[in-house]
Each structure stands twice: as C-alpha cells, then as structure tokens.
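The values are calculated or read from the model by the stated rules, or taken from the named source; none is laboratory data. The shown structure was predicted, so the numbers you read here are calculated from the model rather than taken from an experiment. Don't worry about glycine lacking a Cβ; one is built from the backbone with ideal geometry, like all the others, and counts go over all protein chains shown.
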Amino acid sequence: MYRLAVLILLAPLLAGAEDRISASVTQLVVGVAPTWNNMKGQLQRFDRTSNGWHAAGSPVPVLFGKLGLAWGRGLINAQGGGPIKVEHDHRAPAGVFRIGTIYTYDESLPQGANYPFHTVGPGDAWVDDLHNSYYNQHVTVDAQNPPSWFEKQKMRHGDFAYRWLVEIRHNADPPVPGFGSAIFFHIRRGPARPSAGCTTMAEDSLVDLICWLRANANPEYVCLPKAEYLNRWKAWDLPDPAVTGLF
C-alpha cells in the first residue's frame, strides 16, 4: 500500500520525464550494481561518437548507499522492479540524472579540468531538512549571523571525503521534500565503507572524472542494477553492455 501511494504521488512529478538519453548528451557516466541491495559496483565513463558510445578510460570500483539502490527522481520515468528512494533510506538513487556543479574546498579545480565549480566557504549549506524551504538546494548565508538551522546543514567541515563534491541532480527539478537530498560523487572513506546515498570512489578516480567532464557535453549519470540496465539499455540508448566492461 505504501509503495502504491508513493507511485501515485510521483506520477504527476514524472509526467514530463524523457524516455531515452537526449542526443545532446555526449558524455555519460554509468554506474552498475549487481542487484538493488548491493553497496558495491563499477563505474565507467563514455563519450558519444559518430559510431556510438565509446569508453573513456577503464571501469573503476565505486560504493553506493549501504543498502544499495532505489529508484530516484531524474530525467527518465523509471518505475517498477525496485524500491523508491526516500530521505535517509541509505540507498543511492537509480535512474538517469544531470550532472551539476562541482563543489570544492579548493580555490580551483585539478589541472586540466574545465567545468562549472564553486569554492565552498563558511556560509555555504546544502539542506536536507524536509521542513526547510531550501530543501535539497545549495544556499549561501551570512556566516557571521547564520540562521538557526545552518549548523546542521553547512558544507564546510574540513572532511577529506568532501574535498570534491560533484552534484548528481536527483530530486532537483524541482525538489520534492522526502524523496532524497544531497546526492553527489565524492571521495570514499575506505574500500568497504559505503555512503548514505552518494556514489563514492577513490580520490584519483574522482579527479579523473572531474578532469574529463565538460559542460558543453551535457553530461549525465546513469545508475542501475545489472538486471535493470540489461532490460533498458536499448530503449534508453545506453552503451551496449557487451562493450561497457561493467558486466
């Protein structure tokens, strides 16, 4: 009954979703987990060429939420066959998502990178409070006179895992309270320490991703369990599983 209620609520929100990867997207990041409930998976980058999708580099290991994946709110209406992402469920969102801004403690991106970024300062916050009007949004406040909610939502912690945050625009256009917030690519805390819902990896792999991204390529992220990928890749115009190195 709960799942049915969630699907009914989501239906109007997903009415404008796309049904395949847009032809304007020429960079695609693909993350695949063995099943819905796996926290470990593989990630591969792809460039679109005249001959289709071509792998950029080799697959790298990634960690998802500690309970695996759940359908998120993204670009393609994907329902059925798995749980639905909600706040604090310890699952990474599955589906297709735009890649947004890079947030960093540094004053610049790594050498060779060329992508929109924001240096996180003392007044920057990302809000996961369902009752806050800035839910699942980046906001900058006066650090000398912050609102009462700021301490729990601030972004600058001096935490090595958050040196680079690459925004995954899940539940973002527009945000709907309760369906999950603050989803990023970021540095893993260890090879067996999953996130609360982000996609994490070794720092060198994340830096490679950052240096590869280009805004004019309209990069998107596809995250799916293996079975869902195999069922949907043709319809969604995803890379052929036989050439991904992910299966």
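A few comments on the model shown:
- Qualifying positions in the range 55-71 - at pLDDT 95 or above and closer than 23 Å to T26 by Cβ: A55, A56, S58, P59, V60, V62
- Residue check, G197 crowded, with 17+ Cβ neighbours inside 10 Å and at pLDDT 95 or above: yes
- Of the numbered criteria (1) at negative phi; (2) in a loop (DSSP other than H, G, I, E, B); (3) buried (at least 19 other Cβ atoms within 10 Å of the Cβ), the one N171 fails is (1).
- Here D208 fulfils each of the conditions (1) crowded, with 17+ Cβ neighbours inside 10 Å; (2) free of Cβ contacts under 8 Å to residues at least 40 places away in the same chain apart from (2).
- Checking A242 against (1) at pLDDT 95 or above; (2) surrounded by fewer than 18 Cβ atoms within 10 Å (Cβ to Cβ); (3) in a helix (DSSP H, G or I), the condition it does not meet: (1)
- Out of R232, R193, sole residue that is touching a residue at least 12 places away in the same chain (Cβ under 8 Å) and outside any helix (DSSP H, G or I): R193
- Exclusive hit being of a type in the set (G, A, S) and in contact with a His (Cβ under 9 Å, 6 or more places away or on another chain), set G112, G121, G95: G95
- Every residue from the range 213-227 that is surrounded by fewer than 20 Cβ atoms within 10 Å (Cβ to Cβ), under 16 Å from G95 (Cα atoms) and touching a Pro at 6+ places or on another chain (Cβ under 8 Å): K226
- Taken over the range 214-229, the criterion of being among the acidic types (D, E) and in a helix (DSSP H, G or I) is satisfied by E228 alone.
- Within the range 75-103, the set of residues being among the small types (G, A, S) and at pLDDT 95 or above comprises A92, A94, G95, G100.
- Verdict on E151 being of a type in the set (D, E), over 13 Å from V127 (Cα atoms) and not in a loop (DSSP other than H, G, I, E, B): no
- Here W53 does not fit the description of being aromatic (F, W, Y) and either within 23 Å of P177 (Cα to Cα) or without any contact (Cβ under 8 Å) to a residue 24 or more places away in the chain (or both).
- The single condition from (1) under 22 Å from R189 (Cα atoms); (2) aromatic (F, W, Y); (3) surrounded by fewer than 16 Cβ atoms within 10 Å (Cβ to Cβ) that W149 fails is (1).
- Residue check for P59: of a type outside the set (D, E, K, R), touching a strand residue (DSSP E or B) at 6+ places or on another chain (Cβ under 8 Å) and under 22 Å from F179 (Cβ atoms): no
- Flag for W164 being farther than 30 Å from A242 by Cα and hydrophobic (A, V, I, L, M, F, W, C): yes
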